[in-house]
Amino acid sequence: MDTKSLERNIKKILKTGSGYGPEFIPVLKQTKVVLKSINRGIATAEKYFELGELCLALEDTGLALEAFKTGYQKNPEHVNCGCYYALLLEQQENITEALEVYLALNKIAPENIMLVERMLLIFYQQ
C-alpha cells in the first residue's frame, strides 16, 4: 500500500475540494492525520485498522481492503484487521482466502462468535 502517494492525493483533494462532497471533509482530514503517522514510522496494525475504517467511511472498499490486509500482515493477531479483511474478501467473492483468514483468527480468538458464524455461513453456502 503506497501510503505516501495516498497522503499526497488526499492533501490535493482537500485543497481543491474535488472528488468528494463537503460531508467527507472531516473524514478526509482524519485520514490525512492517520496517513501522516503511518508515513512517519508509526505503521502499526492498529494504524492500518484506523485507516481501513476511514476508507470505509469514504466509501472506498478497495483502499479499505488494502489497509486491513496490510494491518493483518503486520500483525496476524490483530483480530479486528483480520475480520474486516475477511469480510471484504467475502464481498469480493474470494471465499477461499476469506475462510483461511477466519480459520487463522479462530485459532487466536476461539471465543469470538462472529468468526464461527462467518465460517459456518461459508460452509453452509458451499
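The values are calculated or read from the model by the stated rules, or taken from the named source; none is laboratory data. This one's a predicted model, so the numbers in the text were calculated from it and none came from an experiment. Cβ sites come from the backbone with ideal geometry, for glycine too, and all protein chains shown count toward neighbours. The area values use the complete protein model at the heavy-atom level, side chains included, leaving out ligands, DNA and RNA. Shrake-Rupley method; radii C 1.70, N 1.55, O 1.52, S 1.80 Å.
Just a few scattered comments:
- Counting 0.36 nm for each residue step from residue 18 to residue 123 and taking away their Cα separation leaves a gain of 33.4 nm.
- Multiplying the residue separation of residue 2 and residue 80 by 0.36 nm and removing their Cα-Cα distance gives an extension gain of 25.9 nm.
- Comparing the chain with the 2.2 N^0.38 Å rule of thumb, its C-alpha radius of gyration ratio is 1.14 (two decimals).
- Accessible area per residue in Å² at 1.4 Å probe, computed on the chain: 58 Å²
- Residue (of 120, 19, 73) at the positive-pole extreme of the chain, dipole from beta-carbon charges: 19
- Percentage, to the nearest whole number, of Cα pairs in the range 79-126 over 14 Å apart: 40 percent
- Put a plus charge on the Cβ of each Lys and Arg, a minus charge on the Cβ of each Asp and Glu, and nothing anywhere else: the dipole of the range 37-126 about its Cα centre is then about 280 debye.
- Contact order, relative form, for the chain: 16 percent (alpha carbon pairs under 8 Å, 6 or more residues apart, mean separation divided by residue count).
- Sum of -39500 (n - 2.57) over DSSP H runs of 4+, divided by residues of the chain (222 nm, nearest 500): -24500 deg cm²/dmol
- Separation of the alpha carbons by more than 29 angstrom is noted, of 29/74; 11/107; 11/69; 15/74; 12/69; 4/69, for 11/107; 15/74.
- Of all accessible heavy-atom area on the chain, the percent that carbon and sulfur account for (1.4 Å): 51 percent
- The translational diffusion coefficient of the range 1-73, from Stokes-Einstein at 20 °C and 1.002 mPa s with a Kirkwood hydrodynamic radius over alpha carbon pairs, comes to 178 µm²/s.
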